[in-house]
Amino acid sequence: MIVPFVESVIGTAVYVNPEYVVMLRPDPESPDAISILKLSDGETLRVNGEHHDVAGKLSPSP
């Protein structure tokens, strides 16, 4: 499963495989609008969306 997001800094689409996300948290500067994803390769992405919404997109659907 690949999940599309919009990168918050430059506004481009990014596609994330949830299996590689090791950390998700709200951005301290804008917790209601931006979430920080850390991937298993060490890359960090800032994506548009409140962290609960982003977590819901990353969770597998039953």
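A few points about this structure:
- Listed candidates [x] 4, 14, 20, 15, 14, 13, 13, 7, 1; [y] 4, 18, 29, 24, 13, 8, 5, 0; [z] 4, 20, 32, 29, 12, 2, 0 - label of the one calculated as P(r) over Cα pairs in 5 Å bins from 0, in percent: [z]
- Counting only protein heavy atoms and a 1.4 Å probe, the chain has 65 square angstrom of accessible area per residue.
- Pairwise FRET efficiency - residue 52 versus residue 2, Cβ, R0 = 22 Å, nearest 0.05: 0.60
The values are calculated or read from the model by the stated rules, or taken from the named source; none is laboratory data. Values in this document were obtained by computation on a predicted structure and should not be read as measured data. We place every Cβ from the backbone using ideal geometry, glycine too, and count neighbours over all the protein chains shown. For the accessible areas, the whole protein counts, side chains as well, though only heavy atoms, and no ligand, DNA or RNA atoms are used. Shrake-Rupley method; radii C 1.70, N 1.55, O 1.52, S 1.80 Å.
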